[in-house]
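I have placed the structure first, in the form of structure tokens, so that the comments after it can refer back to it.
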Amino acid sequence: MADRPDAAVPSELPAPVPLERVVVALGGELRGNMGLAVRRLAALADADETSVAFVAHPRYRARLQSSRAGAVIVAPELADVALQRPDPPPGGWAAWIVADPYAQFAALTRWWRAHVQPRPAPVGVHPTAWVAPGARVHPTARLGPFAVVEDGAVVEEDAELGAHAVVQARAHVGAGTRLGPHVVLGYDCRIGARGLVHGGTVIGADGFGFAPVPLPGGEGRRWEKIEQLGAVRIGDDVEIGANCCIDRGALGDTVLEDGVKLDNLIQIGHNVHVGRHTAMAGCVGVAGSARIGAFCTLGGGAIVLGHLELADHVHISAASVVMRSILQPGQYSGIFPIDDNRAWEKNAATLRQLHALRERLKALERRTTP
Amino acid sequence: MADRPDAAVPSELPAPVPLERVVVALGGELRGNMGLAVRRLAALADADETSVAFVAHPRYRARLQSSRAGAVIVAPELADVALQRPDPPPGGWAAWIVADPYAQFAALTRWWRAHVQPRPAPVGVHPTAWVAPGARVHPTARLGPFAVVEDGAVVEEDAELGAHAVVQARAHVGAGTRLGPHVVLGYDCRIGARGLVHGGTVIGADGFGFAPVPLPGGEGRRWEKIEQLGAVRIGDDVEIGANCCIDRGALGDTVLEDGVKLDNLIQIGHNVHVGRHTAMAGCVGVAGSARIGAFCTLGGGAIVLGHLELADHVHISAASVVMRSILQPGQYSGIFPIDDNRAWEKNAATLRQLHALRERLKALERRTTP
Amino acid sequence: MADRPDAAVPSELPAPVPLERVVVALGGELRGNMGLAVRRLAALADADETSVAFVAHPRYRARLQSSRAGAVIVAPELADVALQRPDPPPGGWAAWIVADPYAQFAALTRWWRAHVQPRPAPVGVHPTAWVAPGARVHPTARLGPFAVVEDGAVVEEDAELGAHAVVQARAHVGAGTRLGPHVVLGYDCRIGARGLVHGGTVIGADGFGFAPVPLPGGEGRRWEKIEQLGAVRIGDDVEIGANCCIDRGALGDTVLEDGVKLDNLIQIGHNVHVGRHTAMAGCVGVAGSARIGAFCTLGGGAIVLGHLELADHVHISAASVVMRSILQPGQYSGIFPIDDNRAWEKNAATLRQLHALRERLKALERRTTP
């Protein structure tokens, strides 16, 4: 496996970009080497003299000092550190001074994507795509190979469907929204404007709803299907990762509000409501009818049980299980601490007697209290 | 994002349905407003006077009393409460009296889906579908755009393949079974009658089987593939959610018996055997060769290790890890309780010394025992 | 659901294979019934007189003794046990004696797949596949129905793309590598030689990267996208299960080294680096920028938090959460032990007071120390 420098560099290096042009476009103050031309964005440690890096926090001062990045996006208090790094190249170091370097770096990645390293995208409607006669696809929309738009569906201006994406009957894709390859947007489901759904995600499969019906003889019960008659409604500026599942509602809809961000392999059960700007990391599962507030974060692998409520600004640590409603903002955790296996075995075995230990402690306390 | 009442209502409201017609079709006794026509099914709290709701349990009596649902499916003991709610509409309230309101509501959703709010479905074989010359597709089967049926496969009467579904060589789809968009039914795999598999699920990928082989020099081992020579056999009336994985067996088959229900993003390893009418919530993982009984339930995110056995009627709580066979029916749990982060940190840190604490407690007990 | 013997048997039984021919091909010594012809591979307990089974470990001696397998692959010390089993068939029992029976059995499964029970595979390029004019597909490559190869992509000698697989622009599929149905290999991503990726896996979706930007009014923040400018680089001899997600890097690449094996439904975040011959079981999640060594194993459902490091030869138990770097080889665990629900409730409730119990114990110790 050939190695490649650990930085954002397309197969063929782009022509160098005058940094001053970028700073003019995005704002901030450029100091030091005003004539620098850059070829890539990189982390501090991996950057070379044709790279732009950034420092998100003053605690990275040491890393900044040893970085070979030609230019660094910094807050004002680190400008001098950035400019006075040892062993400068011929034109000297550059500092790009802004109030919020991390947000500026994010803006720079978007500028870079737009102007230097464009994403390959379908052009127009691919000849193999299939659009039902009763569908409405805006003339500026782009459809990849074998994309499908079913009857009564609407694909708005500048929207994009990846290869094999399926927009089922009467579904709605908002302006500028992009569905990746193999995404399914189920019938009657809607996603707003400027959204992004990554490959393989299924929006609008049936929620998991069954009524138990006793079997004759009393040995158990079978499950009778509850048809899922609702849909999924997704707001604007929502991003959903790859291979997620967002189920349609049983009665009423499953809702993701504006600005929600979901990572990969996330399960959102029927009739869940996720408030705006809430973000969830990979492998999270949210059971049916849970109601999650705005501005929340759920760490990777967290589980939220059904019918619970999370207030706004609640933060759940990775792999924690929410078993009760949480009505106060804050950070919540429930993770068994990892340990070497022998120590874990002893502690886990003792944990199974914990309540008994407490009773013994109580008894001792009674006995020894004068 | 426009708001829409939280109830099952298609984009265009259906014509009102005389409730008496539904009651005649599904059974039970209608009392109160016999002339009521309904337009939707709804939860008690969201219902209006053109809605049918239901009360699954007497503990919801207060919610029933304040509901504006035109008709409510109730057990006999709640009929009067349903009929005598305050502030009735002109024709009065209606009560639909049955022995098991939840099962009746499930039946109503199926009736509603069939008669009022039909699911959009492919008609016949889509012209873009590809059927191998040696495949056998029943004339009544429906194939969506770009569906694939490979050589030697069989698709029975009234079965349906969604867009891009793939039925590989010699696989078998039973009568009336529906595979959602992008579902893969692997070669030699079988699913019985009246099944439903949601989008993106992969049935019959290789199980995870490798033999370790030492590398020269003793630094470690590489993995040599064990070809997975079995298949997957799925019974009748099985529903599988979206983006699940049901692996083919190594030797012999992976089996899901009749009536099994799986939610989304579930992993079933090779040679697992799941007994009839067992249900699993989202994100469950069952490792290879586990044998799970009939009438079990596994909560969301539960993990079952390989080669274990679960008896019939075993219920595993969400996010619990089954590390040993469970041979007695009952409910089993293993979840670290969530807490605010500061409290969790203290308790988790102490947990790592739990065994030592127990030893200290023992020592104290010895010392203080007269 | 009809039953079928629990053994690897294709729909139509293959013609019997002279075992001696197989032993000559794969090595080892055949003793006992030299004229045996076999029809299937099976586990000891399920085998019949036309089956080959294996014994991986001397602790299975009792199972060996009662097995009806016509031939058993054994280590030298078990050869006599295999040959002298009671109630032999007319030609007697056979023993296939090798140094490492498990590795030999793995080799046998591969021989069986190649010579007796071939996997159905596309022949050439299916007429419905779509290959962009600027793509390069080797004449020996096989493409299934509706497969897509985009501009600038390369598919090497003897590679195979399943139905609906998508190789995006400038991606690279190494020689002999197979992508299952619906797999996506994202633009600029590379997989080496002899790889295998199962159905529905998405390689090269965007990593989960956003910068928080305060909303006016101070009520919270929204997320601004950080474009993911890196790609995914996968070495040789890598197998990836179904419905996994391997995200592209933010800056620089996500890397899976040679010989890595991933099971199903695994999430690999952006810029993760997985060392060679490391294996992960189903439902594992590895957060962004984690660096996992060589020769590691991660049990099913394990979670590794971001930016952590695991040394070589680290083994993580199923469902354990890695919250700190682990720099020493060994086995590590963190699982709440499952228990019957009543016992769990008591212990879990007490766990929330564990730190306080420790303080009470300390106080007692102080009080009772003479």
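Assess whether residue B:248 counts as being in the same structural domain as residue B:186 (by TED's automatic domain parsing) and within 30 Å of residue C:108 (Cβ to Cβ). Steps first, please.
Details: in the same structural domain as residue B:186 (by TED's automatic domain parsing): yes; within 30 Å of residue C:108 (Cβ to Cβ): yes.
In short, yes.
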Legend entry - Condition check for residue C:218: open to solvent by less than 10 Å² (accessible area, probe 1.4 Å), at pLDDT below 95 and at positive phi: no
Inset, instruction - Go through A:152, A:180 for me and flag whichever is under 19 Å from residue C:201 (Cα atoms), within 10 Å of another protein chain (Cβ to nearest Cβ) and open to solvent by less than 40 Å² (accessible area, probe 1.4 Å). - result: A:180
Inset, instruction - For residues that are within 10 Å of chain C (Cβ to nearest Cβ) and open to solvent by 20 Å² or more (accessible area, probe 1.4 Å), scanning just region A:266-285, find the one that is nearest to the chain's Cα centre (by Cα). - result: A:281
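Could you tell me which of the residues A:175, A:205, A:193 is at pLDDT 95 or above, in the same structural domain as residue A:150 (by TED's automatic domain parsing) and buried (at least 24 other Cβ atoms within 10 Å of the Cβ)?
On the way: A:175 fails: buried (at least 24 other Cβ atoms within 10 Å of the Cβ); A:193 fails: buried (at least 24 other Cβ atoms within 10 Å of the Cβ).
Every option except A:205 fails the conditions.
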Legend entry - All positions within region C:222-233 that are more than 7 Å from every other protein chain (Cβ to nearest Cβ) and either over 19 Å from residue C:277 (Cα atoms) or open to solvent by 10 Å² or more (accessible area, probe 1.4 Å) (or both): C:228, C:231
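This table checks each residue for (1) open to solvent by less than 10 Å² (accessible area, probe 1.4 Å); (2) more than 7 Å from chain C (Cβ to nearest Cβ); (3) within 29 Å of residue A:216 (Cβ to Cβ).
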site	(1), (2), (3)
B:287	no, no, no
B:295	yes, yes, yes
B:308	no, yes, no
B:312	no, yes, yes
B:346	no, no, no
B:355	no, yes, no
B:364	yes, no, no
Legend entry - Which listed residue, of C:72, C:81, is out of contact with any Asp or Glu (no Cβ under 9 Å at 6 or more places or on another chain), at pLDDT 95 or above and open to solvent by less than 10 Å² (accessible area, probe 1.4 Å): C:72
Inset, instruction - Might you check whether a residue that is over 24 Å from residue C:322 (Cα atoms), in the same structural domain as residue A:210 (by TED's automatic domain parsing), surrounded by fewer than 24 Cβ atoms within 10 Å (Cβ to Cβ) and in contact (Cβ under 8 Å) with a residue 24 or more places away in the chain occurs anywhere in region A:321-336? - result: no
Inset, instruction - Of the numbered conditions (1) open to solvent by less than 20 Å² (accessible area, probe 1.4 Å); (2) at pLDDT below 95, residue C:15 fails exactly one; give the number of that condition. - result: (1)
Inset, instruction - Being within 11 Å of chain C (Cβ to nearest Cβ) and open to solvent by 10 Å² or more (accessible area, probe 1.4 Å) is the filter here, so list the residues in region B:254-264 that pass it. - result: B:257, B:258
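What residue, of C:39, C:110, is within 14 Å of chain B (Cβ to nearest Cβ) and within 25 Å of residue B:223 (Cα to Cα)?
Working: C:39 fails: within 25 Å of residue B:223 (Cα to Cα).
Going through C:39, C:110 in turn, the sole match is C:110.
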Inset, instruction - With the checklist (1) touching a helix residue (DSSP H, G or I) at 6+ places or on another chain (Cβ under 6 Å); (2) not in a strand (DSSP E or B) in hand, flag the one item residue C:295 doesn't pass. - result: (1)
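Among the residues of region C:234-250, are any free of Cβ contacts under 8 Å to residues at least 24 places away in the same chain and within 8 Å of chain A (Cβ to nearest Cβ)?
Initial filter on region C:234-250 (free of Cβ contacts under 8 Å to residues at least 24 places away in the same chain): none.
No - not one qualifying residue is present in region C:234-250.
Given A:106, A:99, A:114, A:45, which one is in a loop (DSSP other than H, G, I, E, B) and within 30 Å of the chain's Cα centre (by Cα)?
On the way: A:106 fails: in a loop (DSSP other than H, G, I, E, B); A:114 fails: in a loop (DSSP other than H, G, I, E, B); A:45 fails: in a loop (DSSP other than H, G, I, E, B).
The match here is A:99.
Quick check, is residue A:288 free of Cβ contacts under 8 Å to residues at least 60 places away in the same chain, part of a loop (DSSP other than H, G, I, E, B) and assigned by TED's automatic domain parsing to the domain that holds residue A:198?
Numbers: free of Cβ contacts under 8 Å to residues at least 60 places away in the same chain: no; part of a loop (DSSP other than H, G, I, E, B): yes; assigned by TED's automatic domain parsing to the domain that holds residue A:198: yes.
No.
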Inset, instruction - For region B:163-172, enumerate the residues that are in contact with a Leu (Cβ under 6 Å, 6 or more places away or on another chain) and part of a loop (DSSP other than H, G, I, E, B). - result: B:165, B:171
Legend entry - Where a residue in region C:77-104 is touching a residue at least 24 places away in the same chain (Cβ under 8 Å) and its partner, wherever it lies, is open to solvent by 10 Å² or more (accessible area, probe 1.4 Å) and among the polar types (S, T, N, Q), with Cβ under 7 Å and at least six apart: C:91/C:33; C:92/C:33; C:93/C:33; C:94/C:33; C:98/C:104
Legend entry - Conditions (1) at pLDDT below 95; (2) open to solvent by less than 20 Å² (accessible area, probe 1.4 Å); (3) not β-branched (Val, Ile, Thr); number of the one not met by residue B:211: (1)
Inset, instruction - Could you check residue C:168 against (1) facing chain A (nearest Cβ under 10 Å); (2) open to solvent by less than 10 Å² (accessible area, probe 1.4 Å) and say which number it fails? - result: (2)
Inset, instruction - Please work out which residue is most open to solvent (accessible area, probe 1.4 Å), limiting yourself to region A:111-149 and to residues that are under 26 Å from residue C:206 (Cα atoms) and touching a His at 6+ places or on another chain (Cβ under 9 Å). - result: A:142
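The values are calculated or read from the model by the stated rules, or taken from the named source; none is laboratory data. Bear in mind that the values here come from a model prediction, so they are computed numbers and not experimental data. Ideal geometry is used to build each Cβ from the backbone, glycine not excepted, and the neighbour counts take in all protein chains shown. For the accessible areas, the whole protein counts, side chains as well, though only heavy atoms, and no ligand, DNA or RNA atoms are used. Shrake-Rupley method; radii C 1.70, N 1.55, O 1.52, S 1.80 Å.
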